[in-house]
Amino acid sequence: MQLNPTFTLATIADLLGAKYSGQPEFVISGLNEIHMVQSGDLTFVDHPKYYSKALGSKATTIIINKEVECPEGKALIFHEDPFAAYVSLVKKFRPFEPATAAVSASAEIGEGTVIQPNAFVGNHVKIGKNCIIHANVSIYDHTEIGDNVIIHSGSVIGADAYYFQRKPEGYRKFESCGKVVISDNVEIGALCAIDKGVSGDTFIGKGTKFDNQVQVGHDTYIGSNCLIGSQCAIAGVTRLEDDVILWGKVAINKDIVIGKGAVLLATSAVNKSLEGGKTYFGIPAEEARKKMREFAALKQLPSVLAALGKINE
């Protein structure tokens, strides 16, 4: 999430009641979790295992629970609970705003767009021209939708990321401050759910089409002209490049890249990145021809075992 206006290191440290290392006027221009950080961003780290990753990342301000030497060109904020400190900043700069109407007065609705009865359009939503938002669609705050988009009944756009920190006393919610961005000419089927980014954007590219009951996790990027079949589940921080086709009930794990033009046949499950331009099938998904040869070989196994048994008699 970008901060507008930006804040100084001294101001943020004061908000947290924390000590810091760096120039007081050091500029903080965004809040981001570690997977999404850019120069100017503030992030956090609370486990020694990840100190090096955070300190060496593109983030230029790090909330950390140990007083270490500040890397050149960066700033540090020292806090006993970096997770809680970071979440408190998210809540301050992107607070929950209760709705006061079915279509928020702060929403921007383009010319020719139709919002059907019982749809909900939240605060600071932007919807382009000539869209159709069908009944019982819920569009959460800060969502951005392009022109000529159709969203069918019961879909939820911009729900919170499924992202929690496990502690002995239970789970702590990682508050979401990202958004969903849907490009022009996209169609979203009925009963789909597209989660907002934790701190960045969940993105749906131009011309992509969803069937019904599709789940898209936080911070996922789906390229242009993709086809996503019914009941597909795409985990967070995953990237589908342009022209990817997922047939029904495909499941994709997190942090995976599916290359341009790849095709996943129905009921496949993906646990590693896949090259583009190929067709895949199975659990775990592999090239379809290879998988079909394996199935053919398995069918011969009973007769092979029977033959071996006769040899041993």
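Which of the following residues is of a type in the set (S, T, N, Q) and either within 18 Å of residue 146 (Cα to Cα) or not assigned by TED's automatic domain parsing to the domain that holds residue 276 (or both): 224, 230?
Working: 230 fails: either within 18 Å of residue 146 (Cα to Cα) or not assigned by TED's automatic domain parsing to the domain that holds residue 276 (or both).
Within the list 224, 230, the selection yields 224.
Residues are listed down the side, and each one gets a yes or a no for (1) under 22 Å from the mean Cα position of the chain (by Cα); (2) in a loop (DSSP other than H, G, I, E, B); (3) of a type in the set (Ser, Thr, Tyr):
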position	(1), (2), (3)
54	yes, no, no
59	yes, yes, no
91	yes, no, no
100	no, yes, yes
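With the requirement that a residue be β-branched (Val, Ile, Thr) and touching a helix residue (DSSP H, G or I) at 6+ places or on another chain (Cβ under 9 Å), what does segment 188-229 give you? Reasoning before the result, please.
Of segment 188-229, the ones β-branched (Val, Ile, Thr) are 188, 194, 198, 202, 204, 208, 214, 216, 220, 222, 228.
Once the filter is applied, which keeps residues that are β-branched (Val, Ile, Thr) and touching a helix residue (DSSP H, G or I) at 6+ places or on another chain (Cβ under 9 Å), segment 188-229 yields only 198.
For segment 61-89, what are the residues that are without any contact (Cβ under 8 Å) to a residue 24 or more places away in the chain, in a loop (DSSP other than H, G, I, E, B) and either buried (at least 23 other Cβ atoms within 10 Å of the Cβ) or not acidic (Asp, Glu) (or both)?
Matches in segment 61-89: 65, 66, 68, 71, 73.
Taking the criterion of being within 29 Å of residue 35 (Cα to Cα) and either in contact (Cβ under 8 Å) with a residue 24 or more places away in the chain or aromatic (Phe, Trp, Tyr) (or both), would at least one residue in segment 268-278 satisfy it? Can you show your working first?
Just the residues of segment 268-278 that are within 29 Å of residue 35 (Cα to Cα), to begin with: 268-278.
Filter once more, so that each one left must be either in contact (Cβ under 8 Å) with a residue 24 or more places away in the chain or aromatic (Phe, Trp, Tyr) (or both): 276.
Checked against the condition, which is being within 29 Å of residue 35 (Cα to Cα) and either in contact (Cβ under 8 Å) with a residue 24 or more places away in the chain or aromatic (Phe, Trp, Tyr) (or both), segment 268-278 yields at least one hit.
Go through segment 260-290 and give me each residue that's surrounded by 13 or more Cβ atoms within 10 Å (Cβ to Cβ), farther than 15 Å from residue 239 by Cα and among the β-branched types (Val, Ile, Thr).
267, 279
The values are calculated or read from the model by the stated rules, or taken from the named source; none is laboratory data. Predicted, not measured: the structure shown is a model, and the values here were computed from it. Heads up, the Cβs are rebuilt from the backbone with ideal geometry, glycines too, and the neighbour counts pull from every protein chain shown.
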